[in-house]
Amino acid sequence: MLEHAFNLDWKRLDRWLLLALAGLMVFGLLFVYSATRSNDLFASASLLRQPFVKQVVFYIGGLIMALVLCLRDYQQWARWSYVFYALGIILLVAVLIPAIGSERYGARRWIDLGITQFQPSEFAKLFFILAFAQFLSRPEEELRRRNIRLKALALLGLPFGLVLLEPDLGSALMFLPTALVMLYIAGAPRRFLKRLVGGAAAWVVFVLIYVFFVPAAWKPVQLPDYQKRRLMVYFGADYVKQYAPPNATPAEKSRWRALERQDSYNVRQAMISVGSGGLTGKGWQQGIQNVHGYLPRGVAHNDFIFSVIAEESGLLGSAAVVVLYTIILLAGLRIATQARDRLGKLLAAGIVALLFSQVFVNIGMNIRLMPVTGVPLPLLSYGGSSILMALLAIGLLQNIRLHQRLR
């Protein structure tokens, strides 16, 4: 492998992609530190357990893994794609087992490794892209066969359903746009794609009707209450109308209104953070929402890291983050268009679709454009699984560029 590394033309690496990656990692370190330095949750923790120190470790580990990934042609990694996919499914099943999976906030999404938490759904996304690209790289004519399309849906449905059972609606939904883009690039029949999009839209409408309009006594399956309340906050639903009985006392109604204010607190504080930053922000470590804990301590450094950046670096800092993501996404699209085979094109397109979806959803939930779903902001949000997945995905993009082959 080392001999192969010396034979690679490392000058072929996409430098713009590397620069944008470095810029996002600098933002990540600066603002994870800012979001946690005054956090009581970490005040008594040792230096090695501080989030920004762990973030450094995650970055270094992810970069090493991405480098190793580049040493072998993506075609060779693809030969093991179904093994990786099966490993991802095994981990998604394992995390649902109470003796293995760690439960937090009513969800079982993590495996506790002692020094950190491991989230299988993050790696399942990348394993799915690898296996789905391998499956779809067959001749385009085969995709017109019904049994092939059903197998493709099965490849999608299995990880989607398992992640949904955790429950992790946000991560589960990330599989859908990724799969749709890859199917489109692969040349799947338009009629099939329209039905798929229509089915997904109908499913979303059904879920909303089921949540808001079907009486609880008629529901054989109950949506976890915290997920229902997130949807209610997003749509501005009245808690009193949804929860309080018709003969509720003023005290009961007041209790439901207080719960509504509590549930919408994070979103309101995130919007205040974003809006109060102005053009240039309040300065690093000077954000009032962040430093004084108005932006809740438990989420400021992960789900709502963009709000911290917006408050402390203003519109200019927020725009810089968006520009850096845009550079990465455009570089991914360029790699996809220049790929010399269907596999490389599909892999690059799937990675771009996944990263774009996560960036859009996370920034959207910081400004109430999207409901709060717990989807991390790639490379910026604190979290080892998310960072490793993002760096491996970018490493795979560089792999495709390094190992381009002529037809």
*For segment 112-139, what are the residues that are of a type in the set (S, T, N, Q) and either over 12 Å from residue 78 (Cβ atoms) or in a loop (DSSP other than H, G, I, E, B) (or both)?*
116, 117, 119, 121, 137
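Tell me, which helices (runs of 4 or more DSSP H) wholly within segment 220-335 include 2 or more residues that are at pLDDT below 90 and more than 21 Å from residue 367 (Cα to Cα)?
Qualifying helices (runs of 4 or more DSSP H): 239-243, 250-263.
Is it the case that segment 247-260 has a residue that's of a type outside the set (Ser, Thr, Tyr) and closer than 24 Å to residue 386 by Cβ?
The answer is no, given that none of the residues of segment 247-260 is of a type outside the set (Ser, Thr, Tyr) and closer than 24 Å to residue 386 by Cβ.
Taking segment 323-340 only, how many residues are over 23 Å from residue 379 (Cα atoms), touching a residue at least 60 places away in the same chain (Cβ under 8 Å) and in contact with a helix residue (DSSP H, G or I) (Cβ under 8 Å, 6 or more places away or on another chain)? I'd like the intermediate steps shown before the answer.
From segment 323-340, those over 23 Å from residue 379 (Cα atoms) are 337-340; that's our starting set.
After this cut, where a residue has to be touching a residue at least 60 places away in the same chain (Cβ under 8 Å) as well, the list is 338-340.
Filter once more, keeping what is in contact with a helix residue (DSSP H, G or I) (Cβ under 8 Å, 6 or more places away or on another chain): 338-339.
Qualifying residue count for the region: 2.
Each row is one residue, and each column tells you yes or no for (1) hydroxyl-bearing (Ser, Thr, Tyr); (2) without any contact (Cβ under 8 Å) to a residue 60 or more places away in the chain.
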{"residue": "170", "(1), (2)": "no, no"}
{"residue": "177", "(1), (2)": "no, no"}
{"residue": "184", "(1), (2)": "yes, yes"}
{"residue": "187", "(1), (2)": "no, yes"}
{"residue": "193", "(1), (2)": "no, yes"}
{"residue": "198", "(1), (2)": "no, yes"}
{"residue": "205", "(1), (2)": "no, yes"}
{"residue": "213", "(1), (2)": "no, yes"}
*Can you name the residue in segment 339-383 that is hydroxyl-bearing (Ser, Thr, Tyr) and in a loop (DSSP other than H, G, I, E, B) and, of all such residues, is surrounded by the fewest Cβ atoms within 10 Å (Cβ to Cβ)?*
373
*Among 98, 51, which is over 25 Å from residue 343 (Cα atoms), modelled with pLDDT under 90 and either under 20 Å from the mean Cα position of the chain (by Cα) or buried (at least 17 other Cβ atoms within 10 Å of the Cβ) (or both)?*
51
_Which count do you get for residues in segment 179-196 that are in contact with a helix residue (DSSP H, G or I) (Cβ under 8 Å, 6 or more places away or on another chain) and either assigned to a loop (DSSP other than H, G, I, E, B) or not small (Gly, Ala, Ser) (or both)?_
12
*Pair list, Cβ under 9 Å, 6 or more apart: segment 87-106 residue closer than 25 Å to residue 229 by Cβ and in a loop (DSSP other than H, G, I, E, B), other residue open to solvent by less than 70 Å² (accessible area, probe 1.4 Å) and of a type in the set (Phe, Trp, Tyr)*: 95/110; 95/118; 105/226; 106/226
*Name, by its number, the condition in (1) farther than 19 Å from residue 127 by Cα; (2) of a type in the set (S, T, N, Q); (3) in a helix (DSSP H, G or I) that does not hold for residue 386.*
(1)
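The values are calculated or read from the model by the stated rules, or taken from the named source; none is laboratory data. Just so it is clear, the structure is predicted and the values come from calculations on it, not from any experiment. As a convention, Cβ positions derive from the backbone with ideal geometry for all residues, glycine included, and neighbour counts pool all protein chains shown. When the accessible area is computed, the model is the full protein with side chains, heavy atoms only, and any ligands, DNA or RNA have been set aside. Shrake-Rupley method; radii C 1.70, N 1.55, O 1.52, S 1.80 Å.
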